[in-house]
Amino acid sequence: MITNLNPPAVEVTLCNQLGYERIAMECSASFAKIFGCPADRIEDLKTVVAEAALNAMEHGNQGRANAKVTIFMDFKDDIINVAVIDEGNGIREFPPKPDITRIIDNIDPPNGFGLFLIKQLTDQVEFARRTDGGHVVKMGIKISRTD
Amino acid sequence: MQYTNEIKLEQHGPVTLLDIQGDITGFSEPFLNEAYKNADNQGASNILLKTERDIYINSGGIAVLIQILAQTKQNNQLIGITGISDHFKKIFSMVGITRFAKIYDTVDEALEKMT
């Protein structure tokens with residue numbers, strides 16, 4: 001998927017199998033450790049990579065068994081950059097921020113947590129259609145963030 | 001691919017402890033629902049969910065947990081959670097779970113405060 005893979009970049013390609021997001025998650029943790037990322041930020045990274053990969057499998061690729069999810073990771077200027085690419089057309093409408101009170105009272109469905117966590121735990125996030133097909137979620141995590 | 005949870009029910013005075021083995025994801029829904037129903041059928045008033053410390057909880061698992069919280073609210077039951085890592089304490093606070101379930105550091109602390 002990615003034309004150039006120059007050090008320190010890493011690319012992982014997954015079949016569209018729920019549960020395989022754990023592979024991407026563990027790869028991202030190994031990648032972050034190489035650059036001295038603190039443990040709390042590694043946990044944040046694992047969560048956002050897993051959620052973006054899950055969204056790619058379920059919504060982007062719509063569960064198609066023959067589709068792929070590609071995760072590209074790079075590190076520059078204290079930021080771990082992750083791109084999660086699927087074969088879909090992107091998000092047509094972003095779900096509202098989940099309101100747990102309305103969910104518990106059965107007013108709202110219990111969804112939207114994945115995107116919510118991605119937005120909360122990353123320092124930058126961008127959703128885009130790819131010119132050569134598919135959709136990408138680009139996320140940046142500063143390894144020195146302390147909040 | 002199949003993911004399962006083994007959930008043991010233990011009674012500690014007025015507290016029914018659901019000891020959850022395994023990751024909590026969307027696949028956990030039938031296992032958690034069955035365990036909750038068993039606890040509810042046994043007349044549980046105070047429910048403590050105990051997880052292993054290093055588990056994976058994803059957005060699907062968060063939704064499943066929130067559905068359990070909704071049932072405990074409907075049934076006027078007190079609910080607590082213990083065993084989760086500092087990361088998931090932060091996540092649970094972000095999504096609002098901590099407004100409906102108290103998080104305890106240890107089982108002993110939970111049993112003491114929920115009794």
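To the nearest 20 debye, what is the magnitude of the charge dipole of chain B about its Cα centre, counting +1 on the Cβ of each Lys and Arg and -1 on the Cβ of each Asp and Glu?
Using only the charged Cβ atoms, the result is roughly 420 debye.
R0 = 25 Å: FRET efficiency of A:Ala29 with A:Arg92, Cβ-based, nearest 0.05?
0.20
Out of all Cα-Cα pairs in the protein assembly as shown, roughly what percent, to the nearest whole number, are more than 25 Å apart?
46
Quick one: ranking A:Asp99, B:Asp105, A:Asp44 by accessible area, 1.4 Å probe, largest first, what do you get?
B:Asp105, A:Asp99, A:Asp44
Taking just the alpha carbons, could you work out the radius of gyration and Dmax for chain A, both in angstroms?
For chain A, the Cα radius of gyration and maximum Cα-Cα distance read 15.3, 50 Å.
Compare the Cα positions of B:Met94, B:Asn58, B:Gln42 along the charge dipole of chain B (+1 at Cβ of Lys, Arg; -1 at Cβ of Asp, Glu; about the Cα centre) and return the one farthest towards the positive end.
So the residue we want is B:Met94.
Quick check: pseudo-label points 7 Å beyond the Cα along Cα→Cβ at A:Gln120 and B:Thr4, how many nm apart are they?
Label-label distance for A:Gln120 and B:Thr4, simple model: 3.2 nm.
Between A:Arg102 and A:Gln62, what is the spin-label point distance in nm, taking each point 7 Å from the Cα along the Cα→C-beta axis?
2.7
For the protein assembly as shown, what does the helix formula give at 222 nm: sum of -39500 (n - 2.57) over DSSP H segments with n ≥ 4, over the residue count, nearest 500 deg cm²/dmol?
Value at 222 nm, helices only: -11000 deg cm²/dmol.
Among A:Val69, B:Thr72, A:Pro98, pick out the residue whose Cα is farthest towards the positive end of the charge dipole of the protein assembly as shown, where Lys and Arg carry +1 and Asp and Glu carry -1 on C-beta, about the Cα centre.
The residue sitting most towards the positive pole is A:Pro98.
Convex hull over the Cα atoms of the stretch A:33-105, averaged projected area in nm²? Provide the component values of the computation, followed by the final result.
Details: hull surface 28.7 nm².
It is 7.2 nm².
Just to confirm a number: summing +1 for Lys and Arg and -1 for Asp and Glu over residues other than B:Phe92 whose beta-carbon lies under 12 angstrom from that of B:Phe92, what do you get?
Every neighbour counted, the sum reads +3.
With +1 on the Cβ of every Lys and Arg and -1 on the Cβ of every Asp and Glu, and nothing else charged, how large is the dipole of the stretch A:8-63 about its Cα centre, in debye rounded to the nearest 20?
140
Just to compare against my own numbers: the Cα pair-distance distribution for chain B, 10 Å bins, whole % per bin, please.
14, 53, 31, 2, 0
The values are calculated or read from the model by the stated rules, or taken from the named source; none is laboratory data. Given the structure is predicted, the values throughout are model-derived calculations rather than measurements. Methodologically, a virtual Cβ is constructed for each residue, glycine included, from the backbone with ideal geometry; neighbour enumeration extends over all protein chains shown. Side chains are part of the model used for accessible areas, which takes the heavy atoms of the whole protein and leaves out ligands, DNA and RNA. Shrake-Rupley method; radii C 1.70, N 1.55, O 1.52, S 1.80 Å.
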